[in-house]
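Engineer: Here you go, one structure.
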Amino acid sequence: MSRPGFYFFFCPDAGLVKRQIHKTLEPYDPDSWEINTLWSDDPELDQKLWKALNMANMMGPSRVVVVRNCQVFKDAQWKALAPALKGFKSGIWPFFCLEGQWDKQKPKIPAVLENKKFFKIARERGWIWQFPGITRQNLPRYLEKRARETGLVFAPGVQEKLVNILPLNSLGVDQELEKLLLLANDQGKVEAEHLDIVEPRADLDIFAQMQSIQQGKNITLVWQKFFRDQQTGQEALFPFLGLLLHEARVLWHLAAGEEDRVFLYPRTKNEKKRLARQLGPRNIARLWDMILEAEAGVKSGTILQDQALEKLTADLYQLFRQK
């Protein structure tokens with residue numbers, strides 16, 4: 001089977017890029033290739049890249065040259081690639097990975113690259129893979145795919161909860177799924193109580209915000225930024241409520257003395273136990289009321305998302321700042 005002369009990968013998720021590289025190699029006897037990875041911040045990159053693209057292994061295996069984080073290439077570096085990519089080299093297969101964040105659902109392609117003949121050829125022949133990374137919208141599909149690959153089975157409602165609390169990068173998601181796999185029963189089934197081990201999303205740590213409220217800090221701007229960074233409409237509120245519900249469940253177990261149902265690092269568990277004791281079961285239960293009120297209000301059209309956030313913020317301040 002004839003293979004592409006070179007390949008471009010546009011994706012901000014390093015784990016997905018690595019997986020796609022191996023998928024691209026699959027039809028071409030992957031064991032026969034030596035993978036040589038170069039990084040854009042290597043001070044000797046230009047010399048190493050020239051050698052990798054021009055000097056084939058005379059006696060050794062064919063070489064895949066993977067160049068990571070090419071989105072930071074200078075114009076001169078893109079121009080310097082033209083001679084090496086002009087002809088097909090059977091023993092050398094270059095992969096260029098542009099891993100910057102997308103803009104308006106499109107990859108950022110440097111103008112100098114767009115105008116190069118080798119990139120136009122890649123477009124015409126389909127030698128390009130592009131994917132926006134993990135989003136709240138495509139995370140369910142990714143979870144289903146990984147569940148098939150690992151043998152995980154989600155109890156009813158568990159996948160929906162995971163979608164709201166998992167980080168938006170494949171490496172982070174895979175790490176959390178590995179933890180859940182260890183807790184799952186013999187049939188690989190993940191129950192709702194297992195979700196307590198999942199680390200909160202990096203974009204908004206609810207527990208950290210609870211602690212900030214207790215310390216008298218104003219976190220409204222942090223939450224507003226979180227909402228702006230999400231898609232507009234109801235979709236922004238419900239992941240937030242999912243995070244809050246997840247934290248409320250952890251605090252409830254700890255307040256009830258059910259520590260064996262909470263799987264956290266010892267230091268984190270002790271911090272949350274302290275907060276659970278301070279709040280007590282009655283106040284923790286109030287978190288459920290706040291969540292249900294906000295969700296029902298937005299879904300019914302009684303209040304807008306911003307209004308729900310404003311009221312929720314005020315209620316949380318009152319709850320966590322009471323003496």
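Engineer: Quick check: Cα centre of the stretch 260-317 to Cα centre of the stretch 102-127, how many Å?
Structural biologist: So the separation of the two Cα centres works out to 46 Å.
Engineer: Over all directions, average the projected area of the Cα convex hull of the chain and note it in nm². Show your work: numbers first, answer last.
Structural biologist: Numbers: hull surface 84.5 nm².
The directionally averaged projection comes out at 21.1 nm².
Engineer: Please order 2, 40, 32 by the number of other Cβ within 10 Å, starting at the fewest. Please list the in-between numbers first.
Structural biologist: Numbers: 2 6, 40 18, 32 9.
Result, fewest neighbours first: 2, 32, 40.
Engineer: Restricting to Cα atoms and excluding each atom paired with itself, what does the Kirkwood estimate give for the stretch 7-130 in Å?
Structural biologist: Values: mean 1/r = 0.0669 Å⁻¹.
The Cα-based Kirkwood calculation yields 15.0 Å.
Engineer: Measure out, as a whole number of angstrom, how far apart the alpha-carbon centroids of the stretch 129-146 and the stretch 10-53 sit.
Structural biologist: One Cα centre to the other: 22 Å.
Engineer: Let me know the shape class of the stretch 1-79, please: from the alpha-carbon gyration tensor, a ≥ b ≥ c as square roots of the eigenvalues, rounded when a/c is under 1.5, otherwise prolate if a/b is greater than b/c, or oblate.
Structural biologist: In terms of gyration-tensor shape, oblate.
Engineer: Still on this structure, please answer the following. Which ordering of 153, 163, 250 is given by a fewest-first count of other beta-carbon atoms within 10 Å? Don't skip to the answer; put the middle values down first.
Structural biologist: Working: 153 14, 163 17, 250 28.
Result, fewest neighbours first: 153, 163, 250.
Engineer: For a Förster distance of 51 Å, can you work out the FRET efficiency between the beta-carbons of residue 58 and residue 186, rounded to the nearest 0.05?
Structural biologist: 0.45
Engineer: Does anything in the stretch 1-30 have its amide N under 11 Å from the 7 Å Cα→Cβ label point of residue 121, and if so which residues?
Structural biologist: Output list for this probe position: 5-7.
Engineer: Rounded if a/c is under 1.5, else prolate if a/b is larger than b/c, else oblate: which is the stretch 146-190, with a ≥ b ≥ c the root eigenvalues of its Cα gyration tensor?
Structural biologist: It comes out oblate by the Cα gyration axes.
Engineer: Treating the Cα atoms of the stretch 262-320 as identical point scatterers in vacuum, please give the log10 of the normalised Debye intensity I(q)/I(0) at q = 0.30 Å⁻¹, two decimals.
Structural biologist: Here log10 of I(q) over I(0) equals -1.13.
Engineer: Work out how much length residue 86 to residue 282 would gain on full extension: take 0.36 nm times their residue separation and subtract the Cα-Cα distance, in nm to one decimal. Spell out each step's value before the answer.
Structural biologist: On the way: separation 196, 0.36 × 196 = 70.56 nm, distance 7.09 nm.
Here the answer is 63.5 nm.
Engineer: Next up: Can you compute the equivalent ellipsoid semi-axes for the stretch 33-106, i.e. the square root of 5 times each eigenvalue of the Cα gyration tensor, sorted largest first and rounded to whole Å? Walk me through the numbers before you get to the answer.
Structural biologist: On the way: eigenvalues 107, 36, 30 Å².
Equivalent ellipsoid semi-axes, largest first: 23, 13, 12 Å.
Engineer: At 222 nm, what value in deg cm²/dmol follows for the chain if DSSP H runs of at least 4 each add -39500 (n - 2.57) and the sum is divided by all its residues, to the nearest 500?
Structural biologist: -16000 deg cm²/dmol, from helical runs alone.
Engineer: Using the Cα gyration tensor of the stretch 9-49, with a ≥ b ≥ c the square roots of its eigenvalues, what is the shape: rounded (a/c below 1.5), prolate (a/b larger than b/c) or oblate (neither)?
Structural biologist: oblate
Each reported figure results from applying straightforward, stated rules to the coordinates on display, with no laboratory input. Values in this document were obtained by computation on a predicted structure and should not be read as measured data. Cβ: placed from backbone, ideal geometry, glycine included. Neighbour counts: every protein chain shown.
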